[in-house]
Amino acid sequence: MSIEQLAETAQAMVAPGKGIIAIDESTGTIAKRFASVGIENTEENRRAYRELLLTTPKLNEHISGAILFDETIRQSTKDGVPFAKYMADNGMIPGIKVDKGAHPLAGCPGELVTEGLDGLRERLQEYYKLGARFAKWRAVINIGESIPSGTCIESNAHALARYAALCQECGLVPMVEPEVIMDGDHDIETCYEVTEATLRSLFDALYQQNVLLEGTILKASMVISGKGCDEQADAEEVAESTVMCLKSTVPAILPGVVFLSGGQSDEQSTEHLNAMNQLGQLPWPLSFSYGRAMQQAALKLWAKDMKANHAAAQKTVYERAKENGLAALGKWNG
Ligand code: 13P
């Protein structure tokens, strides 16, 4: 795989006014989302729900690609078209979550390290054959009393870089996701410091593992107040802090940065992205790779009546894609 092909895929992922829909919830995570609206967590319900999302009419106007879960990339529409083929036929790039989840980091109470490097080369080769052209690996950085430790930040950065190098060898664009978690009562300044240290360590590790940044996408968390913090920073402060943090840590050659929503409301996630893109010329496109902030309205509708609300649920997916696509251009009007 040439770097030109990787770079082309990466650029297409962050094409102007387009972003990613994350529908890569593991079976355990989708169980929680389904339980919150009273849907039974069966394989057929998971398939039908992912079909509803992916076959939303005109989704490709604002969505460049979707991140799938291992089960999902092996599933098909009710008419028997594999989801990855359906996406490619409709101008959307199939992506795949390849990490095996965050597990307790030995010697570091309260901290996690993401696992999944063993056998990864073979899994990536298979995913490529199944049609995936980018992959995602999520690291989790918790903020709390005396954490994160340097050990946690560096262990996760090392794993992300090893994963990214393997992806590029196998022809997949690595989406590297170090998520600084919003839970906690920390203020926005603390989030800034932790995000800065995390990104610095990540780009250092990517350099050490010979990862080509031209063929890499960063999936970042925003610099934002902890959910339990008494003083919540407003959209302007979130936008300015996030952009300043990225400018001081992320090389300009990176094709793009996409954000996770991380528990923000639909409106907040769109407002924050829009505010960042209104700050003027930036070194990279800033777009979205939202899971909950793309799906939660649709899931609620679908749960009420899967048949009768099918079209209405798809309409909300399209609307969320459109709003976030406009925010990726700084053209969202609230
Ligand atoms: P949220 O937008 O719900 O945080 O999910 C995005 C994602 O893919 C996290 O890995």
The chain: antiparallel DSSP beta bridges as a percent of all, rounded to 5:
15 percent
Loop-resident trypsin sites (Lys or Arg not before Pro) in the stretch 1-55 with no more than 11 other Cβ atoms inside 10 Å, DSSP not H/G/I/E/B, are none
Which of the three applies to the stretch 101-250, rounded, prolate or oblate, going by the alpha-carbon gyration tensor with a ≥ b ≥ c and a/c under 1.5 meaning rounded?
prolate
Greater than 32 Å apart at Cα, pairs in LYS247/LYS315; LYS136/LYS247; LYS32/LYS58; LYS247/LYS300
LYS247/LYS315; LYS247/LYS300
Summed side-chain charge close to TYR86 - residues other than TYR86 whose Cβ falls under 12 Å, Lys, Arg +1, Asp, Glu -1:
0
From the backbone phi of the stretch 116-121, what are the Karplus-calculated ³J(HN,Hα) couplings (6.51 cos²θ - 1.76 cosθ + 1.60, θ = phi - 60°) in whole Hz, Gly and Pro given as x?
x, 6, 5, x, 5, 4
Sequence-distant aspartates and glutamates (8 or more away, or on other chains) whose Cα lies within less than 12 Å of LYS322:
GLU61
Using a 1.4 Å probe over the heavy atoms of the protein chains, calculate the carbon and sulfur portion of the accessible area of the stretch 192-334 as a whole percent.
49 percent
With the 1.4 Å probe rolled over protein heavy atoms, the stretch 1-111 has an accessible area per residue in Å² of 43 Å²
Rounded, prolate or oblate (a/c below 1.5 giving rounded, otherwise prolate when a/b exceeds b/c) for the stretch 1-140 by Cα gyration tensor
oblate
What trypsin sites (Lys or Arg not before Pro) does the stretch 225-334 have in DSSP loop regions with at most 15 other beta carbons within 10 Å?
LYS227, LYS307, LYS331
Between SER76 and residues 5 or more places away or on another chain, which pairs have amide H atoms under 5 Å apart, with H built 1.01 Å from N, and which residues are they?
PHE83
Between GLU61 and MET306, 0.36 nm times their residue separation minus their Cα-Cα distance comes to what?
85.7 nm
With the 1.4 Å probe rolled over protein heavy atoms, the stretch 127-223 has an accessible area per residue in Å² of 36 Å²
Taking a straight Cα-to-Cα line shorter than 19 Å from LYS129, and setting aside same-chain lysines fewer than 8 residues away, one finds LYS85, LYS97
Defining a contact as two alpha carbons under 8 Å apart and six or more residues distant in sequence, what relative contact order in percent does the stretch 111-176 show?
49 percent
For the chain, what class follows from the C-alpha gyration tensor (a ≥ b ≥ c being the square roots of its eigenvalues): rounded when a/c is under 1.5, otherwise prolate if a/b is larger than b/c, else oblate?
rounded
So what is the calculated 222 nm ellipticity per residue for the chain, using -39500 (n - 2.57) for each DSSP H run with n of 4 or more, over all residues, to the nearest 500 deg cm²/dmol?
-14500 deg cm²/dmol
Return the carbon/sulfur percentage of the accessible area of the stretch 29-113, one whole number, probe 1.4 Å, all protein chains in place.
54 percent
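The values are calculated or read from the model by the stated rules, or taken from the named source; none is laboratory data. It should be emphasised that the depicted structure is a prediction, and the values quoted were computed from it without experimental measurement. A quick note on method: Cβ atoms are made from the backbone with ideal geometry, for glycine too, and the neighbour counts reach across all protein chains shown. In case anyone asks, the SASA skips ligands and DNA or RNA and just uses the protein heavy atoms, side chains included. Shrake-Rupley method; radii C 1.70, N 1.55, O 1.52, S 1.80 Å.
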